[in-house]
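Down below is the structure, laid out as structure tokens.
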Amino acid sequence: MREHDEHTAPEGHAPSTSPSTSTPAPDAPAYPVGLRLRGRRVVVLGGGQVAQRRLPALIAAGADITLVSPSATPSVEAMAEAGELTWVRRRYEDGDLADAWYVLVATQNPGANARASAEAERHRVWCVRSDDAEAATAWTPATGRSEGVTVAVLTGRDPRRSAAVRDAIVEGLRDGSLAAPQHRAKSPSVALVGGGPGDPDLITVRGRRLLAEADVVIADRLGPRDLLDELPPHVEVIDAAKIPYGRFMAQEAINNALVEHAKAGKSVVRLKGGDPFVFGRGMEEAQALAAEGIACTVVPGISSSISVPGAAGIPVTHRGVAHEFTVVSGHVAPDDPRSLVDWAALAKLRGTLVILMGVDKIGAIAEALVAHGKSPDTPLALVQEGTTAAQRRVDATLATVAGVVKAEDVRPPAVIVVGEVVAEGPDKPAR
């Protein structure tokens, strides 16, 4: 159920067992309770907007719902047609609440609402009234859900405050700023989390929440480092660049660390820069975990290939300029036999070329592109430490980039953008 409507207060006031002799004090606090309605009869009177808002939660709770109303909104009618509730197409009549566990009174007829409320009182059925909170025996809280947690907020007769408090709690649970660790036994699992391009605000909501719940974090140096400072003291943070490798290759050592900590019953997060599957070797780690029978959750991240150029004011596509963009790794030089990149084909493309991990090879890359037909005057930009406080942009052309990188002391990490989009900007007229 969602936030109560204009005249509906939060859930909780119990009906008096003897209405003539026991009346709750007007300022008595509501008693919060979670109703388990699966298979139990619930009656909804009225098929308007109030019912449309409340019915989905009642359906999700598994209630056996009877709707009594001569008409209904198209959405409510669709619920009836789908078999999610039984629709009795007439006005309320005395006796409609027989054997009900819970009733929502939401018609536009005050007299009918009062009669239904009185019937509910006689039968000791919890009754919510959308038109008169004081006459109700139950109030609907502002409710939200996040990862199996239901948050229900009661603030007396202030529905807007109820909704605001609910939203703050749910948002905190979702983004990890409100930590709620699980204490039940955990199955071995690892989350491969893409941390985005560097700005800690650019990690996904799910990634931040998993990070807040972690026991062990194995982090790359290009991940959002500021987030590590927010972790509780008990969280073990491991710098992937400093794992003792011994006789193993670096990636093998990282894989082994993931497996070891997961099998120890820890919640493990592998925090990576950008996206785990964009030159992040995430699939190698997922395969290593699968081989050990360890569940793996992949949380995509914002790739630096598009976010860093955007942060520097460069659109990787632009109408009338570039209808495509290609992302390649530049960690292997064009003349290296290990290279899998077809530089000759890239030189013939008319769109944008984004090069990651290519700062130390950009001179050779530029020569290869020009040798295969790309104009030496093609504009190029290098964006170093993109999205962080240290971000800087250095412009050049394919002909001048080798000298510019040396003169400007451009260092990794930097994203390189090649193409006419480099010359675009907010101050340029639209095409």
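The values are calculated or read from the model by the stated rules, or taken from the named source; none is laboratory data. Everything quoted here is computed from the prediction, not taken from an experiment. Quick reminder, even Gly has a Cβ in these numbers, built from the backbone with ideal geometry, and neighbours come from all protein chains shown. We work out accessible area using only protein heavy atoms, side chains counted, and drop any ligands, DNA or RNA first. Shrake-Rupley method; radii C 1.70, N 1.55, O 1.52, S 1.80 Å.
Assorted remarks:
- A simple spin-label model places pseudo-atoms 7 Å from Cα toward Cβ; at HIS323 and SER187 they are separated by 4.8 nm.
- Our summary gives segment 377-431 a relative contact order of 44 percent, counting only alpha carbon pairs under 8 angstrom and 6 or more residues apart.
- Rounded to whole Hz, the Karplus (6.51, -1.76, 1.60) HN-Hα couplings of segment 382-398, x for glycine and proline: 10, 10, 8, 6, x, 6, 9, 5, 8, 4, 8, 10, 10, 9, 7, 10, 4
- Long-range HN-HN contacts of ALA322 with modeled amide H, under 5 Å: none
- Shown here for segment 231-310: trypsin sites (Lys or Arg not before Pro) in loop regions (DSSP other than H, G, I, E, B) with at most 14 other Cβ atoms within 10 Å, namely ARG247.
- Whole-Hz ³J(HN,Hα) from phi, Karplus 6.51 cos²θ - 1.76 cosθ + 1.60, for segment 307-323, glycine and proline x: 6, 5, x, x, 5, 8, x, 10, x, 6, 10, 7, 4, x, 10, 9, 9
- Carbon plus sulfur fraction of accessible area for the chain, probe 1.4 Å, in percent: 52
- Taking every protein chain into account, the accessible area of the chain amounts to 52 square angstrom per residue (probe 1.4 Å).
- Couplings for segment 58-67, taken from phi via the Karplus curve 6.51 cos²θ - 1.76 cosθ + 1.60 with θ = phi - 60°, read 5, 5, 4, 6, x, 5, 8, 9, 10, 9 Hz in order; Gly and Pro are left as x.
- Under a Gaussian network description of the chain, with springs only between Cα atoms under 10 Å, the residue in PRO337, PRO200, PRO379 that fluctuates furthest is PRO337.
- Put simply, segment 283-324 fits an ellipsoid with semi-axes of 36, 11, 7 Å; these come from the alpha carbon gyration tensor as the roots of five times its eigenvalues, largest first.
- When peptides 220-228, 385-393 are sorted by average Cβ neighbour count within 10 Å, with the highest value leading, the order is 220-228, 385-393.
- Applying 0.36 nm per residue to the separation of VAL205 and ARG161 and subtracting their alpha-carbon distance, the gain on full extension is 13.4 nm.
- Maximal additional length on extending the ALA118-GLU420 stretch stands at 101.3 nm, based on 0.36 nm per residue less the C-alpha distance.
- For segment 254-349: relative contact order, % (alpha-carbon pairs under 8 angstrom, 6 or more apart): 18
- In this structure the amide hydrogen of VAL44, modeled in the peptide plane, comes within under 5 Å of the amide hydrogens of THR66, LEU67, VAL68, LEU104, none closer than 5 places in sequence on its chain.
- For the chain, the square roots a ≥ b ≥ c of the C-alpha gyration tensor eigenvalues yield an a/c of 1.5 or more together with a/b exceeding b/c, which makes the shape prolate.
- Among beta bridges that DSSP assigns inside the chain, antiparallel share in %, nearest 5: 35
- Gyration tensor (alpha-carbon) shape descriptor, segment 241-392, a/c threshold 1.5: prolate
- Relative contact order of the chain, defined on C-alpha pairs under 8 angstrom at six or more residues apart (%): 12
- Dividing the helix sum by the residues of the chain, where each DSSP H run of 4 or more adds -39500 (n - 2.57), gives a mean residue ellipticity at 222 nm of -8000 deg cm²/dmol.
- Prolate/oblate/rounded label for segment 110-176 (Cα gyration tensor, a/c 1.5): prolate
- Among 116-126, 46-56, sorting by the average number of other beta carbon atoms lying within 10 angstrom of each residue, highest first, gives 46-56, 116-126.
- Amide hydrogen neighbours beyond the local backbone of THR297, cut-off 5 Å, H modeled: VAL190, ALA191, LEU192
- Cα→Cβ-extended label distance, 7 Å offset, between THR86 and ALA290, nm: 4.8
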